[in-house]
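Student: Take this structure, written in structure tokens, and hold onto it; I'll ask about it next.
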Amino acid sequence: MTHQPEARARRVALNVSGAALLLAAAKAGTGWATGSIAVLSSALDSAGDVLASFANFLFLTVAAKPADEDHQFGHGKAEHLAAMLQGAILMTGGVLLGIRAIDRIRHPHPIEGSIAAIATMVASIIATIFITAYMKRNAARTESSAIAADALHYTSDIVANGATIVALIIVRITGNPLFDSILGISVAFWIGWNSLHLIWNAGSDLMDPALPEPEIGAIIAAIERADHSIGGYRELRTRRSAGTRFIEFELCIDRDVSFEKAHELTELVKARIREAFPRAMVTVHAEPVAPSGSSAPIPSA
């Protein structure tokens, strides 16, 4: 059965793809009509948004597949691959935009109809703000790294489109189209920086880093507060794949406790951890230790 968070994440990616397609078409039409490299650059960025968000949908579909014989820990890593693909798409768009802007500096071209261009970009920013808020809200609900990466992508679009509006206003005031190209280059650098950021973060996630300190603290608290018969834990290991956390450790239990009781304590600790992290995969090995009143040492973290 498909989990609700995964289904929500896929729906978000598909909705955002459609919205980005409408924005790209509006910007492209205005850009060609006005001759504005800044508006065309923004249209190119929105076209990249369409590809990135639809790629998110495809990768999230793969990530939602249950574990199988060949992928016994599931397919969640597909989300991180989606984030890396977004970064690559952004980087390509930024390079192409920079080349086009530099060429426009070398071969100036008059820009007409700046009022229409400015109005289009203002409308684009307003729409992008709503799209970004929608994505951030759902990224938090689904814990989707792919949606979170796409939200960062759209946040950069807001800044880039703001720079485009500034360029168009300056061109209209000064009559010098050079400013449009200069701001186009600035947008290209902004896109490039964010693409590197996305690729770096996605690559880091693929390397299976430990969970953040606050989450590890919550896990330790769940272990220590479960029952007085628990004498600590050993070899706590954590990682995350998409929205699923993998938690493994040895649970130190009073050796005088019966096998059945030790099993109950193990299940209790698992339940406490899943209260904090509902989608966690918890693997616990019970390790008998000396009673707390004994002179023998008791393992600690």
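The values are calculated or read from the model by the stated rules, or taken from the named source; none is laboratory data. Nothing here was measured: the structure is a model prediction, and the numbers come from that model. No Cβ is skipped: glycine too gets one built from the backbone with ideal geometry, and neighbour counts run over all protein chains shown.
Student: Among the listed residues A202, A123, which satisfies the condition of being of a type in the set (G, A, S) and in contact with a helix residue (DSSP H, G or I) (Cβ under 7 Å, 6 or more places away or on another chain)?
Tutor: Step by step, each of A202, A123 is checked, and only A202 is of a type in the set (G, A, S) and in contact with a helix residue (DSSP H, G or I) (Cβ under 7 Å, 6 or more places away or on another chain).
Student: A further question follows. Kindly list the number of the only condition in (1) at pLDDT below 85; (2) touching a Cys at 6+ places or on another chain (Cβ under 8 Å) that fails for E287.
Tutor: Result: E287 fails condition (1) only.
Student: Within the stretch 216-233, can you find the residues that are in contact with a helix residue (DSSP H, G or I) (Cβ under 8 Å, 6 or more places away or on another chain) and of a type outside the set (G, A, S)?
Tutor: I219, I223, R225, D227, I230, Y233
Student: Being touching a Lys or Arg at 6+ places or on another chain (Cβ under 7 Å), within 19 Å of G243 (Cα to Cα) and in a helix (DSSP H, G or I) is the filter here; which residues of the stretch 45-75 pass it?
Tutor: F57, L60, T61 - these are the residues of the stretch 45-75 that are touching a Lys or Arg at 6+ places or on another chain (Cβ under 7 Å), within 19 Å of G243 (Cα to Cα) and in a helix (DSSP H, G or I).
Student: Can you pull out the residues in the stretch 78-100 that are touching an Asp or Glu at 6+ places or on another chain (Cβ under 9 Å), small (G, A, S) and at pLDDT 80 or above?
Tutor: Across the stretch 78-100, the qualifying residue is only A82.
Student: Further question on the same structure: Just a yes or no: is a residue in the stretch 262-277 of a type outside the set (D, E) and either in the same structural domain as I105 (by TED's automatic domain parsing) or not in a helix (DSSP H, G or I) (or both)? Give the derivation first.
Tutor: Within the stretch 262-277, the subset of a type outside the set (D, E) is 262-263, 265-266, 268-274, 276-277.
Narrowing the set further to residues that are either in the same structural domain as I105 (by TED's automatic domain parsing) or not in a helix (DSSP H, G or I) (or both) leaves 277.
Yes: the stretch 262-277 contains one or more residues that are of a type outside the set (D, E) and either in the same structural domain as I105 (by TED's automatic domain parsing) or not in a helix (DSSP H, G or I) (or both).
Student: Looking only at the stretch 263-293, count how many residues are buried (at least 19 other Cβ atoms within 10 Å of the Cβ) and among the aliphatic types (A, V, I, L, M).
Tutor: 6
Student: Quickly run through the stretch 209-230 and pick out the residues that are in contact with a Ser or Thr (Cβ under 6 Å, 6 or more places away or on another chain) and either surrounded by 13 or more Cβ atoms within 10 Å (Cβ to Cβ) or not hydrophobic (A, V, I, L, M, F, W, C) (or both). Give the steps one after another, and end with the answer.
Tutor: Narrowing the stretch 209-230 to residues in contact with a Ser or Thr (Cβ under 6 Å, 6 or more places away or on another chain): 210-211.
If the condition is that a residue be in contact with a Ser or Thr (Cβ under 6 Å, 6 or more places away or on another chain) and either surrounded by 13 or more Cβ atoms within 10 Å (Cβ to Cβ) or not hydrophobic (A, V, I, L, M, F, W, C) (or both), then L211 is the only one that fits.
Student: Can I ask one more? Across the stretch 214-233, what is the total count of residues that are assigned to a helix (DSSP H, G or I) and of a type in the set (D, E, K, R)?
Tutor: 2
Student: Any idea how many residues of the stretch 266-280 are out of contact with any helix residue (DSSP H, G or I) (no Cβ under 9 Å at 6 or more places or on another chain) and modelled with pLDDT under 90?
Tutor: 1
Student: Another one. Does S42 satisfy being at pLDDT below 80, closer than 16 Å to N194 by Cβ, assigned to a helix (DSSP H, G or I) and of a type outside the set (A, V, I, L, M)?
Tutor: It is true that S42 is at pLDDT below 80, closer than 16 Å to N194 by Cβ, assigned to a helix (DSSP H, G or I) and of a type outside the set (A, V, I, L, M).
Student: Taking into account only those residues within the stretch 149-174 that are surrounded by 15 or more Cβ atoms within 10 Å (Cβ to Cβ), free of Cβ contacts under 8 Å to residues at least 24 places away in the same chain and not polar (S, T, N, Q), which is farthest from A88 (Cα to Cα)?
Tutor: Among those that are surrounded by 15 or more Cβ atoms within 10 Å (Cβ to Cβ), free of Cβ contacts under 8 Å to residues at least 24 places away in the same chain and not polar (S, T, N, Q), it is I170.
Student: Quick check on this structure: which one of L251, L206 is in contact (Cβ under 8 Å) with a residue 24 or more places away in the chain, buried (at least 17 other Cβ atoms within 10 Å of the Cβ) and aliphatic (A, V, I, L, M)?
Tutor: Among L251, L206, only L251 is in contact (Cβ under 8 Å) with a residue 24 or more places away in the chain, buried (at least 17 other Cβ atoms within 10 Å of the Cβ) and aliphatic (A, V, I, L, M).
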